[in-house]
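This report concerns only the one structure given below.
Values quoted throughout were computed directly from the atomic coordinates according to the rules given, and no laboratory measurement underlies them. Just so it is clear, the model here is predicted, and its values are computed rather than measured. So basically every Cβ, Gly included, is an ideal-geometry build from the backbone, and we count neighbours across all protein chains shown.
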Amino acid sequence: MTDVSNTPTSSTAPAALVSAGSPEAAALVAHPRGAQPDQPGDRSAFGFEVVRRLDPTADGLGRDGVRHGRAGILHTPHGDIQTPAFVPVATQATMKAMLPEQLVDLGAQCTLANAFHLFERPGEDILDEAGGLAKFMNWNGPTFTDSGGFQVMSLGVGFKKTLAMDVTGLKSDDIIAKGKERLAFVDEDGVTFKSPLNGDIHRFSAEISMGIQHKLGADIMFSFDELTTLMNTRSYQEESVERTYRWAKRCVAEHQRLTAERTGKPYQALFGVVQGANYEDLRRHAAQQIASLDFDGVGIGGAIEKRLLGNTCAWICDEMPELRPRHVLGIAAVDDIFAGVENGGDTFDCVAPARTARNGAIYTRDGRWNVLRTALKHDFRPLEEGCDCYTCTHYSRAYLHHLLKSREMSGCTLATIHNERFFVKLLDDIRASIVGGYFDEFRDETLTRFYANGSRG
Ligand SMILES: [Zn+2]
């Protein structure tokens, strides 16, 4: 089953799977699927096919007990992604402390870069000149960029944890972190903000975000949305959902204009982002709005309370055409990944595995623990027995303990390799369990073992 909901299939549609890092993928960086001289990118080079769906259950969270989880294949101009898949975050067109080659070695299929950071430095024109994000960073495979909305809105509250998942209590539309200056202001047309890099005043809007993302050249882009926090009031969430819809319509129009104008490039897919916080009616309403527009996929975004993550995905998937792929933005707790997959998420990105690795936090099947613990100074076992990553097959806990204590960059590299491999493999194993028909058993076994010692993450 291929996605024919938007465009007719064409002879350029991919026949065989092309994985990141393969010689075929390298060839696609030079000649992406569906790119022809003087022609707009061929939309049929992008598509999604379902390989196997999860069976419905009595407590399935979708309508009539449906479970939206599935294994599939996402085709892009720069190669294919077998889903569900973990998407490592290469914020500045690189993952911190890592080479793209190391991401390929650990099995990553794709990466996600940040439109806001690349707009600030080096500027989208440089990536355009380089031939797009994949070519610029020597990544032979599919790429994503986010819209920049998250970073811009985060400046609005002066702190980065706008997606805090356990917020209860006070509601306020004007919350600002203590001692921080408010750096962003939202109006009907867009957002004005002060650059944290140099203090310059910048403007982001639907059109500006699309212009930047088209020049960055990723295979998958996201529409510019207003991010709210769980602290915002219900009436503000309502206003924000409507504003996000108006911005989404502008994003689609500008995306179509740029696709037609920028000939000779591969087609870039655009995902609409669904907001609505914790409210089922708002999430469903927002999902219907986004489903009504000519997007290629959907981003499940915004503030989601942890206990409602599965429900939120199910509400949104209930309202979406099945063949639009679904990306869950910024989730990487192990139980959240399972809830997201079970309820329809196809791709998942998060910076947490890399960020925590640099502080010594190590993810294993038996939970998350810190390699900086004093006792590990004398521990010459690998980080995780049986792990096939480069770090575990070559280095010991004692060595990583030493490197990170000494603040050596190689310590960050080795710890990041292991954590990224953990999440890439987790999603690969989940995919195999869906295809093999043993998802429920695999979920229960994995979660029991991971959280047995009261582990966080
Ligand atoms: Zn490892």
Open item on the list: Regarding the chain, what's the average projected area of the Cα-atom convex hull, expressed in nm²?
Closed with: 21.3
TODO: Place a +1 charge on the Cβ of each Lys and Arg in the chain and a -1 charge on the Cβ of each Asp and Glu, then give the dipole magnitude about the Cα centre in debye, rounded to the nearest 20.
DONE: 1340
- [ ] Taking 7 Å along the Cα-to-C-beta vector as the label spot, tell me the Ser292-Asp200 distance in nanometres, rounded to one decimal.
- [x] 3.8
- [ ] For Ala30 and Arg63, calculate 0.36 nm times their separation in residues minus their Cα-Cα distance, and state this gained length in nm to one decimal.
- [x] 7.5 nm
TODO: Distance check, please: which entries in Lys96/Lys135; Lys377/Lys405; Lys135/Lys425 exceed 21 angstrom between their Cα atoms?
DONE: Lys135/Lys425
Open item on the list: Need one number: nm distance between label points at Asp189 and Glu445, each 7 Å from Cα along Cα→Cβ, rounded to one decimal.
Closed with: 5.8
Open item on the list: Give me the extension gain from Asp281 to Ala452: residue separation times 0.36 nm, minus the current Cα-Cα distance, reported in nm with one decimal.
Closed with: 58.0 nm
Task: Sequence ranges 400-406, 40-46, ranked by mean other-Cβ count within 10 angstrom, highest first - done: 40-46, 400-406
- [ ] Would you give the gap between the C-alpha center of the stretch 387-431 and the C-alpha center of the stretch 120-156, rounded to a whole Å?
- [x] 26
- [ ] Work out how much length Thr393 to Asp428 would gain on full extension: take 0.36 nm times their residue separation and subtract the Cα-Cα distance, in nm to one decimal.
- [x] 10.6 nm
